[in-house]
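The values are calculated or read from the model by the stated rules, or taken from the named source; none is laboratory data. Keep in mind the model is a prediction, meaning the values are calculated, not measured. Every residue, glycine as well, gets a Cβ built from its backbone with ideal geometry; the counts of neighbours run over all protein chains shown.
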Amino acid sequence: MDDDIRWVKTHCARMDHGGCALLVGLKDNKIVAVRGDPNGFLNKGYICAKAIASPDRLTHPDRLKHPLKRAGKRGQGKWKRISWKQALNEIAENFKKIKERYGAKGVAFGAGMPKGLEHFVLIRLANIFGSPNVVGSQDVCHAPREITGVHTCGFYPVADLHHPSRLILLWASNITSTNEEGEISSMLLKQINSGTDLIVIDPRKIDLVKKSKGWLQLKPGTDHALALGLLHVIIQESLYDRDFVENWTYGFDHLADHVKKYTPEEVSEITWVPPDLIRETARLYAQSKPALIQWGNPIEHNIHTFDITRALICLMAICGNLDVPGGNVHAKEPDIMRLGAFVRADLIPNKRKEMISAYHGVIPRLMTVPAAFFKRAILEGTPYPVKGFYSMCANPMLSYADSRQTYKAFMSLDFIAAADVFMTPTAAIADIVLPAATQFEIDDIGHYGLGHGFILARPKLIDPPEECWPDIKILNELGKLISPKEYWHDDYHQFLEDVVGPSGLTYSQFVDKRYLRGPESFKLYEQKGFRTPTGKVELRLSQAEKFSLSPLPRFQGLPQEDDPDYPLVLTSSKSQYYLHSSYRWIKKLREKRPDPKVEIHPETAAQNGIRDGDEVIIETKFGAITQIAHLTDIVDKRVINASHGWWFPEARQEEQYEWKKSNLNILTSTTELGKEFGTPNLKAIGCKIRRNEY
């Protein structure tokens, strides 16, 4: 009966980016129900299928529950159970041995998407150990928007869904399926239901097209051309915000001259979007005050992400939609510990010069190492050898571009340690595997360091299995073995106190408040200017030449040139039931999406002899995989949309769970990378498709 259930409040984590407030029902140290909290700061009662299924992570019979040491050859699937003491000592011995021979930079530390406080404790560990190499997904997720924003306008322009907008430009953001960090679909839907206009820019006819005033179905990989076309119309028709442009932008005349060639007709040939629709969209965005661009992660999935992001920020700026309520804003952080102090950046002052990626000339402020450069260091010793790797909350075998190269690189390492909840293809080739506690079993803080202006309380609700440790605890204890003990705490909970301490609260008091949000203030540039070298929004980058960057956003061509041997355009999408490659082992979610499906237009399928439900082979010049055909007209006849992140937990561990069979990153490559962020092409790749005849 409900009378026996104790309801507690927390926030969702590790299932999605969003951070929805939850009501969790507890009974006898078990979670018996999960509901959306109607008073939630972000979601106001909204909850998705992943959150409902989230307790099933904790009770799965195949969950990792003990530290394991490899007992056979790497990847054979043979393990020996060991103690925590032995596991940590062996990791420490191997890392110190590598450090003695190759220096601390010979060990890299890697993290995936789930960003609680553990992400920043990992950076702290790397810094104190002396390694400048933290490997993350930032080159294809978040950094292009955040760092390009800092270079262009001095901050990361976050979509402000907390205040009403007249128009929302939903650009590559399928927000009702996969939430962005801090951007919850319920917030957007509330605005639409209150009369806000919506324009959808997406190669797929996503559900929100039904609620939109217009849909621009662009060719994958041509976002920068479309954005430049919108700029052309707005400037040529003098629809821009004259006061803001004259007083607060640098290089407008250069931009105006630059975009003259990007006429709607020229851009239409590139993007497949009709010229009149380009004009209508430009006019509506320019004339709607305020308007915001809710931009999604897919714009960071090709080598031109810097130009795409620059062009979109220029759009925000010339229309006066930067740092105004209901526009794209500079979210102010609450009174909490500064990130640099938390990660002890002071202990590694030469990090920028010593990172693997410094050799490759990436954009300033990118402080994680792109995966492609990390793998080159392993395989080629460029710019120096990397021999050891610590992996946490990550599955690089599925998430890094060119999975075969990833496998080869990992098999070449001297030592790999992985902490996870479940045995993944990546953990299966490690030397030591550590069983991690997960959300509901740990005290944590969400959204720290992500630039959205708030942090969320994630208190421990139940006890984990006896030998499952929080990642923060693992890192704290490992830190004591491989670096000076004075930089580590007796109890990992002190990290939580450190973060909230400047606010005057204890962690317990923070949990009672549920979240901390920075002050709402807008147009601070009117008092202080923008935090750029010129004090203005740099439509033309004033220091472009210094850093070998393009001063103006440009269209240099498609991510890959058209190839008649691969006539279709491959794109991909994440499933609403999974988080990247995670949780295909949760029964409730797997039943909702049991197979990797590829979306194909019915006419394209007919031309290739493919029926709905057929197993098909998708092939690029880099590799081939199989997925299950789903015939639908939500994609263009020239485009196929494959599923991302697929492996098969029910398959054999010694084969790394059939990681090659349906894995999108078998089809990608790292031969061509964006200069600014080391970004590979994950989308807009030439492909062909055929029925699998076995």
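Taking Ala419 as the residue in question, decide whether it is outside any loop (DSSP other than H, G, I, E, B) and of a type in the set (A, V, I, L, M, F, W, C). Yes.
Pro559: over 30 Å from Thr426 (Cα atoms) and not assigned by TED's automatic domain parsing to the domain that holds Asp241, yes or no? Let's see the steps before the verdict.
Working: over 30 Å from Thr426 (Cα atoms): no; not assigned by TED's automatic domain parsing to the domain that holds Asp241: yes.
Against the criterion (over 30 Å from Thr426 (Cα atoms) and not assigned by TED's automatic domain parsing to the domain that holds Asp241), Pro559 does not qualify.
Checking each residue in region 641-658 for being of a type outside the set (Asp, Glu) and out of contact with any Ser or Thr (no Cβ under 7 Å at 6 or more places or on another chain) picks out Phe648, Pro649, Ala651, Arg652, Gln653, Gln656, Tyr657.
Conditions (1) within 29 Å of Ala427 (Cα to Cα); (2) touching a Leu at 6+ places or on another chain (Cβ under 9 Å), marked per residue:
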site	(1), (2)
Asn321	no, yes
Pro370	yes, yes
Phe374	yes, no
Val386	yes, yes
Ser399	yes, no
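Applying the set (1) under 17 Å from Leu312 (Cα atoms); (2) touching a residue at least 40 places away in the same chain (Cβ under 8 Å) to Asp202 leaves exactly one unmet item: (2). When Met423, Met367, Met397 are screened for being in contact (Cβ under 8 Å) with a residue 24 or more places away in the chain, closer than 25 Å to Arg101 by Cα, of a type outside the set (Lys, Arg) and out of contact with any His (no Cβ under 6 Å at 6 or more places or on another chain), only Met367 passes. Restricting to region 130-146, count the residues that are crowded, with 23+ Cβ neighbours inside 10 Å and more than 29 Å from Arg310 (Cα to Cα). Qualifying residue count for the region: 1. Yes or no: region 447-462 includes at least one residue that is surrounded by fewer than 16 Cβ atoms within 10 Å (Cβ to Cβ), in a loop (DSSP other than H, G, I, E, B) and out of contact with any strand residue (DSSP E or B) (no Cβ under 7 Å at 6 or more places or on another chain). Within region 447-462, none of the residues are surrounded by fewer than 16 Cβ atoms within 10 Å (Cβ to Cβ), in a loop (DSSP other than H, G, I, E, B) and out of contact with any strand residue (DSSP E or B) (no Cβ under 7 Å at 6 or more places or on another chain).
Out of the residues in region 176-208 meeting the condition of being closer than 21 Å to Ile47 by Cβ and among the hydrophobic types (A, V, I, L, M, F, W, C), tell me which one is farthest from the chain's Cα centre (by Cα).
Keep residues of region 176-208 that are closer than 21 Å to Ile47 by Cβ, which gives 176-193, 206-208.
Still in the running and among the hydrophobic types (A, V, I, L, M, F, W, C): 184, 187-189, 192, 206, 208.
Values: Ile184: 15, Met187: 20, Leu188: 20, Leu189: 23, Ile192: 26, Ile206: 20, Leu208: 21 Å.
This residue is Ile192.
Among the residues of region 517-535, which ones are among the aromatic types (Phe, Trp, Tyr) and touching an Asp or Glu at 6+ places or on another chain (Cβ under 6 Å)? Walk me through how you get there before you give the answer.
To start, the set of residues in region 517-535 that are among the aromatic types (Phe, Trp, Tyr) comprises 522, 525, 530.
Scanning region 517-535 gives a single hit, Phe522.
Residues considered: Pro132, Pro144, Pro61, Pro67. Of these, the only one that is touching a helix residue (DSSP H, G or I) at 6+ places or on another chain (Cβ under 8 Å), under 21 Å from Met423 (Cα atoms) and not polar (S, T, N, Q) is Pro67.
Selection within region 152-166: residues that are surrounded by fewer than 23 Cβ atoms within 10 Å (Cβ to Cβ) and over 24 Å from Pro533 (Cβ atoms). The member of this set that is nearest to the chain's Cα centre (by Cα) is His162.
Remark: pairs (first residue in region 213-231, in contact (Cβ under 8 Å) with a residue 60 or more places away in the chain and over 12 Å from Ala282 (Cα atoms); second residue among the hydroxyl-bearing types (Ser, Thr, Tyr) and in a helix (DSSP H, G or I); Cβ separation under 6 Å; 6+ apart in sequence or on different chains) = Lys219/Thr271; Thr222/Thr271; Ala225/Thr271. Arg101: in a helix (DSSP H, G or I), among the charged types (D, E, K, R) and buried (at least 22 other Cβ atoms within 10 Å of the Cβ), yes or no? Spelling it out, it is not the case that Arg101 is in a helix (DSSP H, G or I), among the charged types (D, E, K, R) and buried (at least 22 other Cβ atoms within 10 Å of the Cβ). Of the candidates Ile634, Ile617, Ile640, the single residue that is of a type in the set (A, V, I, L, M), touching a Lys or Arg at 6+ places or on another chain (Cβ under 7 Å) and either under 21 Å from Leu218 (Cβ atoms) or in a helix (DSSP H, G or I) (or both) is Ile634.
Evaluated against (1) buried (at least 23 other Cβ atoms within 10 Å of the Cβ); (2) over 27 Å from the mean Cα position of the chain (by Cα), Asn476 falls short on exactly one condition, (2).
With Val273, Val267 as the choices, which residue is buried (at least 21 other Cβ atoms within 10 Å of the Cβ) and either modelled with pLDDT under 95 or part of a loop (DSSP other than H, G, I, E, B) (or both)? If you could, list the steps in order and put the result at the bottom.
Working: Val267 fails: either modelled with pLDDT under 95 or part of a loop (DSSP other than H, G, I, E, B) (or both).
Result of the check over Val273, Val267: Val273.
Residue count for region 577-596 satisfying the condition of being farther than 18 Å from Ile47 by Cα and either hydroxyl-bearing (Ser, Thr, Tyr) or crowded, with 19+ Cβ neighbours inside 10 Å (or both): 6. Looking across Glu477, Glu441, Glu466, one residue alone is more than 30 Å from Pro157 (Cβ to Cβ) and out of contact with any helix residue (DSSP H, G or I) (no Cβ under 9 Å at 6 or more places or on another chain). It is Glu466. Under the condition of being within 12 Å of Pro459 (Cβ to Cβ) and without any contact (Cβ under 8 Å) to a residue 60 or more places away in the chain, the residues counted in region 512-528 number 2. Taking the criterion of being in a helix (DSSP H, G or I) and over 25 Å from the mean Cα position of the chain (by Cα), the residues of region 209-227 that qualify are Lys210, Lys211. Out of curiosity, is Asp471 closer than 19 Å to Asn89 by Cα and in contact with a strand residue (DSSP E or B) (Cβ under 7 Å, 6 or more places away or on another chain)? So Asp471 passes the test.
The rows are residues; the columns are (1) of a type in the set (S, T, N, Q); (2) at pLDDT 95 or above.
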| position | (1), (2) |
| --- | --- |
| Gly110 | no, yes |
| Met113 | no, no |
| Gly116 | no, no |
| Leu122 | no, yes |
| Asn127 | yes, yes |
| Gly130 | no, yes |
| Ser137 | yes, no |
| Cys153 | no, yes |
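All conditions in (1) within 17 Å of Leu122 (Cβ to Cβ); (2) within 29 Å of the chain's Cα centre (by Cα) hold for Pro519, with the sole exception of (1).
Of all the listed residues (Gly110, Gly149, Gly75, Gly116), the sole one being of a type outside the set (Val, Ile, Thr), surrounded by fewer than 24 Cβ atoms within 10 Å (Cβ to Cβ), touching a residue at least 40 places away in the same chain (Cβ under 8 Å) and farther than 30 Å from Val200 by Cβ is Gly75.
Within region 237-250, the set of residues being surrounded by 16 or more Cβ atoms within 10 Å (Cβ to Cβ) and either in a helix (DSSP H, G or I) or in contact with a strand residue (DSSP E or B) (Cβ under 9 Å, 6 or more places away or on another chain) (or both) comprises Phe244, Val245, Trp248, Thr249, Tyr250.
Restricting the search to helices (runs of 4 or more DSSP H) fully inside region 302-375 and requiring at least 1 residues that are of a type in the set (Ser, Thr, Tyr), surrounded by 17 or more Cβ atoms within 10 Å (Cβ to Cβ) and in the same structural domain as Asn247 (by TED's automatic domain parsing) gives 305-318.
For region 481-555, which fully contained helices (runs of 4 or more DSSP H) count at least 2 residues that are surrounded by 15 or more Cβ atoms within 10 Å (Cβ to Cβ) and not assigned by TED's automatic domain parsing to the domain that holds Phe41?
Once the helices (runs of 4 or more DSSP H) in region 481-555 are filtered for at least 2 residues that are surrounded by 15 or more Cβ atoms within 10 Å (Cβ to Cβ) and not assigned by TED's automatic domain parsing to the domain that holds Phe41, what remains is 493-500, 507-513.
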